[in-house]
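The values are calculated or read from the model by the stated rules, or taken from the named source; none is laboratory data. In this text, all values refer to a predicted model and were calculated from it rather than measured experimentally. Cβ atoms come from the backbone with ideal geometry, glycine included; neighbour counts cover every protein chain shown. Ligands, DNA and RNA are stripped out before the accessible areas are found, and what is left, the full protein with its side chains, is counted by its heavy atoms. Shrake-Rupley method; radii C 1.70, N 1.55, O 1.52, S 1.80 Å.
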Amino acid sequence: QVQLVESGGGVVQAGGSLRLSCAASGDNFFERAMGWFRQAPGKEREFVAVISSSGTLTRYRNSVEGRFTISRDNAKNMMYLQMNSLKPEDTAVYYCAARSKGYYALTPRDYGDWGPGTQVTVSS
């Protein structure tokens, strides 16, 4: 069991940047793969970026590759998503998630713990 809280969302113009943070507390953060997922109105929740427990392996959605960077600091129980060159289609609620295994997965159903989400709105 781990508790997750996101922060850093907001409204930004197209081309701008935001950094999302996820603060974790509870069991064995350093053993858990983590991920950022997002959900836009009327759409399914989709993976954005995921990271292994050690931080050595990462995977990005094709549409954010080269623009977003996922990272983690296990000593601080923190995970981050740096988002640059934001586009209106990035508008969504962004969620932090953790799973009980050290290697990442790409589907929401493989993650057992979730934060409440933070809204990111990109205006054109």
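Values as computed for the structure displayed
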quantity	calculated
Segments 61-68, 23-30, 79-86 sorted - mean Cβ within 10 Å per residue, highest first	79-86, 23-30, 61-68
Residue-level accessible surface for THR56, protein heavy atoms, 1.4 Å, Å²	110
Other-chain or far-sequence residues with amide H under 5 Å of THR91's (modelled H)	VAL122
For the chain, accessible area per residue (1.4 Å probe, heavy atoms of protein chains only), Å²	50
Net +/- balance of residues flanking ARG32 in space, Cβ distance below 11 Å, scoring K and R +1, D and E -1	0
Per-residue ³J(HN,Hα) for the stretch 63-80, Karplus 6.51 cos²θ - 1.76 cosθ + 1.60, θ = phi - 60°, Hz, x for Gly and Pro	6, 10, 4, x, 10, 10, 9, 9, 8, 8, 10, 5, 5, 10, 6, 10, 10, 9
Accessible carbon and sulfur surface of the stretch 77-124 relative to its total accessible area, %, 1.4 Å	49
Phi to ³J(HN,Hα) by Karplus 6.51 cos²θ - 1.76 cosθ + 1.60 over the stretch 115-124, Hz, x for Gly, Pro	x, x, x, 9, 7, 10, 10, 10, 8, 9
Cross-link partners of LYS76 among lysines (Cα-Cα below 24 Å; sequence separation of 8 or more within a chain)	LYS101
Environment charge of VAL12, counting only residues whose C-beta is closer than 14 Å and scoring Lys/Arg +1, Asp/Glu -1	+1
R0 of 25 Å, Cβ-Cβ distance SER123-THR69: FRET efficiency to nearest 0.05	0.65
Charge context of THR58, other residues only, Cβ under 12 angstrom, K/R +1, D/E -1	+2
Taking the chain and dividing mean pair separation by its residue count, relative contact order in percent (alpha carbons under 8 Å, at least six apart)	36
Calculated from backbone phi, Karplus (6.51, -1.76, 1.60) coupling profile of the stretch 13-24 in Hz, x at Gly/Pro	6, 3, x, x, 10, 9, 10, 8, 10, 10, 9, 10
